[in-house]
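Below: the structure, in structure tokens.
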Amino acid sequence: MQAADRGHTRWGIILPFLALPVVVLGVLIIGLFLWAWSDDEDATRAGATATVPCAEALAFGAAERPANARAHHCTVQRGIDTAYSAVLRMPREDVRDWLRATYPDAPEPRTGGGVCGAFCLDVTHEDGLPGTAEAHVVQVRVEYENAETALVRFSAFTM
């Protein structure tokens, strides 16, 4: 009878110590599953476009909104890379001066039709993008809406 009591007592002490790692492991596995499941929701939103203040979109490319420009539709899209965009309307005679002041070391804007519009400018850190820019590339596309107004499409993104 003494041997049976001793065996019962031994399992009574050992069983909680064996069950504890199984319970902890089970909680960790369930937590990992729930975390991964909730992460799928973030993955679908990662490439979504969100509206941002235009000052934020321009600052990503080391630019400021000209005083005489109206900003419209400024967005950001985050994923592997980050891409900001802004649409500005401003007097067409002020666009080149704004670009020269913003990117003094950049090459001259290109002219020509097609996707370039009236003219365009592509700037990277290698050819005139200021060190304060978080973007790796800035692209500016200018279209003349009429004799007085230019539509400026500004994009700043990482690669």
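Any residue at all in the stretch 146-156 that is open to solvent by less than 80 Å² (accessible area, probe 1.4 Å) and hydroxyl-bearing (Ser, Thr, Tyr)? Yes, that holds for at least one residue. Residues that are out of contact with any strand residue (DSSP E or B) (no Cβ under 8 Å at 6 or more places or on another chain) and touching a residue at least 24 places away in the same chain (Cβ under 8 Å) were ranked within the stretch 119-130; the one that is nearest to Ala59 (Cα to Cα) is Pro130. Scanning the stretch 132-146 for residues that are assigned to a loop (DSSP other than H, G, I, E, B), touching a residue at least 12 places away in the same chain (Cβ under 8 Å) and more than 14 Å from Ala63 (Cβ to Cβ) yields His136, Glu145. Output the number of residues of the stretch 107-118 satisfying the condition of being without any contact (Cβ under 8 Å) to a residue 24 or more places away in the chain, out of contact with any Cys (no Cβ under 7 Å at 6 or more places or on another chain) and not in a helix (DSSP H, G or I). The number of residues fulfilling the criteria is 5. Note on the stretch 79-106: among residues that are small (Gly, Ala, Ser) and in a loop (DSSP other than H, G, I, E, B), the one that is most open to solvent (accessible area, probe 1.4 Å) is Gly79.
The values are calculated or read from the model by the stated rules, or taken from the named source; none is laboratory data. Note that the structure is a prediction, hence the values are computed from the model and not measured. We place every Cβ from the backbone using ideal geometry, glycine too, and count neighbours over all the protein chains shown. Note: areas computed on protein heavy atoms with side chains; ligands, DNA, RNA excluded. Shrake-Rupley method; radii C 1.70, N 1.55, O 1.52, S 1.80 Å.
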